[in-house]
Each structure stands twice: as C-alpha cells, then as structure tokens.
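Working notes for the structure below.
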Amino acid sequence: MEISTAVFYLVAIITVGSAAMVAFSRNIIYSAFSLLGAFGGVAGIYVFLGADFVAAVQLLIYVGGILVLVLFAVMLTHRITDVQITNRAAGRLTALIVTGVLLYLLVETVRGTSWAKAKELVHQATTGTIGDLFLESYLLPFELASLVLLAALIGAVVISRKEIKE
Amino acid sequence: MFSPNDLSSYLIIGAILFSLGLFTVLTRRNAISVLMGVELILNSANINYVAFSHFSSGSTDGQIYAIFVIMLAAAEAAVAWPLCWLSSRFFTPSMWRPRKR
C-alpha cells in the first residue's frame with residue numbers, strides 16, 4: 001500500500017470517527033471538541049482533492065472561527081456540566097433506522113452510477129483561478145456575499161447587545 | 001475500491017457525514033447540538049462539490065460553490081450561536097422537564 005493511500009485512510013477514519021463522536025456522544029463538551037477532528041479531517045480530504053485554497057479556508061474559518069464560537073456557546077450555556085440535561089437525545093432507534101436506510105440508498109447510488117470523468121486530473125495551485133472566477137463569472141454572487149456578511153454582522157450586534165431602557 | 005484516486009470513495013465519505021449529521025439533527029433536543037449536526041451536513045455537501053469538481057468536471061467551479069457554502073456557514077454561525085446562547089438564558093432546562101402529575 002502506498003503511503004498516500006495510508007494517509008487517506010487515516011484522514012477518512014479521523015473524519016468519520018469524529019463525526020460519529022459528535023452524533024453519539026452523551027456529553028456535549030465531547031461533541032464540541034470532536035467537531036475539531038471532523039473539520040480538520042474534511043480539510044485533509046480537500047488537500048487530497050487538490051483544492052489547496054479551500055482547505056486553507058476550511059482551516060481558517062471552520063476551525064479558527066466557527067469552532068471557537070461553538071466552544072464559546074457550549075461553555076457559556078447554563079448548567080452545561082450536567083450530562084443528563086445537556087445532551088439529551090430522543091427517538092434514537094427510529095432515527096437510526098431512517099438514517100441507516102438513507103445511507104444504504106446513498107451508497108448504493110454512488111456505487112451503481114457511472115459518473116462522468118474528467119479528461120485529466122489536474123493538481124495545480126488553484127488560488128489564481130479562483131480569484132479570476134470570483135471577479136469574472138461569479139461577480140454578482142461575490143457582491144451578494146458581501147451584503148449577506150454585512151447583514152449577519154449587523155444582526156449579530158443587534159442580537160447580542162443589551163437594550164437600555166430609559 | 002476505496003482509494004484516494006476514486007470519486008466514489010469521497011462520495012461515500014460525504015454520505016456517511018451527511019447521515020451522521022442528519023442523525024444528530026433528528027435526535028438531539030439541544031439547539032446547540034442540532035446546529036453541530038447542521039455544520040456536519042454543510043461539510044458533507046462541500047466534500048461532494050469539491051470531489052465532483054476535481055473528478056468529473058476538471059474545473060474549479062465546484063470549489064467556488066464550496067467557498068460560498070463556507071461563507072454562508074460563517075454568517076449562520078455568527079447569528080445562530082448567539083441566538084442559542086441567549087435563548088438558553090430565558091429557557092432554563094427545568095422548563096422542559098415533564099410535569100409531575
């Protein structure tokens with residue numbers, strides 16, 4: 001077995017295992033910290049797919065931003081150490097059956113379909129191409145994204161400030 | 001069959017992540033845990049986008065979509081997590097206990 005295949009197996013196992021920890025753990029703090037493994041593993045998968053810029057963005061935004069927000073929200077929540085209350089789950093058996101059947105269908109579809117294949121697999125730095133695409137074909141979504149971010153910024157400030165009553 | 005040079009292995013990883021995220025969303029009663037499941041689902045969609053752009057189309061368009069999804073997840077996190085945290089002040093867990101008869 002090649003070394004890259006071994007590393008791919010490792011990354012896949014880390015990703016899936018951490019995601020399973022998020023889904024099945026009884027303690028919400030363990031779930032929150034397992035998200036680190038899931039996000040980092042997904043970044044590794046992006047590296048295998050030749051998407052270097054997306055992998056860097058994933059590390060910066062998910063691990064550096066969203067995960068810190070998650071940990072803040074978990075740690076600051078009221079009575080978080082009480083395991084019985086914090087991470088209750090309901091209807092596990094039904095949900096397990098539904099998601100199991102869905103997973104079986106998805107895997108069968110993936111394995112049974114002959115997907116379109118690219119002529120050649122390119123492994124190049126993608127940052128320049130992504131920048132060109134953002135400023136040429138995807139200019140309108142790019143500008144709309146800045147509007148969405150501005151709205152989210154204002155919304156976060158409005159939600160989290162205290163109202164002063166006179 | 002399960003190799004790094006095969007599209008289906010990445011799609012299967014994405015399907016597993018999606019199922020685990022859906023399981024989290026369905027079973028958890030805690031809004032913070034439900035949002036963690038939503039993040040898993042978004043990540044699985046991103047894996048599919050990037051995998052298809054690498055193996056099927058050969059262009060970088062899928063990576064653009066992945067970046068947009070990451071951006072929307074960041075915007076969602078900036079609004080939804082403070083909402084969860086603030087609502088946990090108003091709704092204490094004791095309110096959700098079944099009433100004694």
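When you scan region B:19-30, how many residues do you find that are surrounded by fewer than 24 Cβ atoms within 10 Å (Cβ to Cβ) and in contact (Cβ under 8 Å) with a residue 12 or more places away in the chain?
3
Pick from region A:120-166 the residues that are part of a loop (DSSP other than H, G, I, E, B) and within 8 Å of another protein chain (Cβ to nearest Cβ): which of them is farthest from B:I67 (Cα to Cα)?
A:E120
Residue by residue through region A:1-59, note down the ones that are over 20 Å from B:L7 (Cβ atoms) and aromatic (F, W, Y).
The answer is A:F24, A:Y30, A:F33, A:F39, A:F53.
Quickly run through region B:50-85 and pick out the residues that are at the interface with another protein chain (Cβ under 7 Å from one of its Cβ atoms), buried (at least 19 other Cβ atoms within 10 Å of the Cβ) and among the hydroxyl-bearing types (S, T, Y).
B:T60, the sole residue that qualifies.
With the condition kept exactly as written, say whether any residue in region B:31-39 is modelled with pLDDT of 90 or more and surrounded by fewer than 20 Cβ atoms within 10 Å (Cβ to Cβ).
Checking region B:31-39: at least one residue is modelled with pLDDT of 90 or more and surrounded by fewer than 20 Cβ atoms within 10 Å (Cβ to Cβ).
Only one residue in A:S25, A:S18 is under 14 Å from the mean Cα position of the chain (by Cα) and at the interface with another protein chain (Cβ under 10 Å from one of its Cβ atoms). Which one?
Selected residue: A:S18, the only one of A:S25, A:S18 that is under 14 Å from the mean Cα position of the chain (by Cα) and at the interface with another protein chain (Cβ under 10 Å from one of its Cβ atoms).
Which of the numbered conditions does A:V68 fail, given that it passes all the others? Conditions: (1) of a type outside the set (S, T, Y); (2) buried (at least 19 other Cβ atoms within 10 Å of the Cβ); (3) farther than 28 Å from B:S59 by Cβ.
(2)
The values are calculated or read from the model by the stated rules, or taken from the named source; none is laboratory data. Here the structure is a predicted model, which means the values were calculated and not measured. Here the Cβ is made from the backbone with ideal geometry for all residues, glycine too, and neighbour counts use every protein chain on show.
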